[in-house]
Amino acid sequence: MVRTMDFTTENPDCCKVGDYLEVTEQKLPTSYWYLLEHSWGASGNFSLRERLMTRRGKVIRIWADDRFKYLTLEFDEPEID
């Protein structure tokens, strides 16, 4: 199963489309969030059932809106029965 996730970043030039980046999981009292390697970006918060199973994703898009700059990563997640 392929899963995509957006990460806010201050430096979208840190990588390019096609690069693979590692993420580390960070725990909050009731949720989880993910930090890109070298602190290049951070995800939003996710519930326990939305946690990532893999820790390596491929950059598929670099973009911006009126407020933030983003990296979109694609993760190859195992199927859950």
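Here are the numbers for this structure:
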{"item": "Of residues in segment 20-35 being more than 11 Å from the chain's Cα centre (by Cα) and surrounded by 13 or more Cβ atoms within 10 Å (Cβ to Cβ), the one nearest to residue 1 (Cα to Cα)", "result": "32"}
{"item": "Where a residue in segment 7-35 is free of Cβ contacts under 8 Å to residues at least 24 places away in the same chain and its partner, wherever it lies, is exposed (fewer than 13 other Cβ atoms within 10 Å of the Cβ) and outside any loop (DSSP other than H, G, I, E, B), with Cβ under 8 Å and at least six apart", "result": "31/48; 32/48; 32/50; 35/24"}
{"item": "Subset of segment 13-28 [in a loop (DSSP other than H, G, I, E, B) and farther than 11 Å from residue 58 by Cα]", "result": "28"}
{"item": "Residue, surrounded by the fewest Cβ atoms within 10 Å (Cβ to Cβ), within segment 36-70, restricted to residues that are part of a loop (DSSP other than H, G, I, E, B) and without any contact (Cβ under 8 Å) to a residue 12 or more places away in the chain", "result": "66"}
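Read-outs: derived from the displayed coordinates by stated rules, not from any lab. The shown structure was predicted, so the numbers you read here are calculated from the model rather than taken from an experiment. Note: ideal-geometry Cβ built from the backbone for every residue, glycine included; neighbour counts use all protein chains shown.
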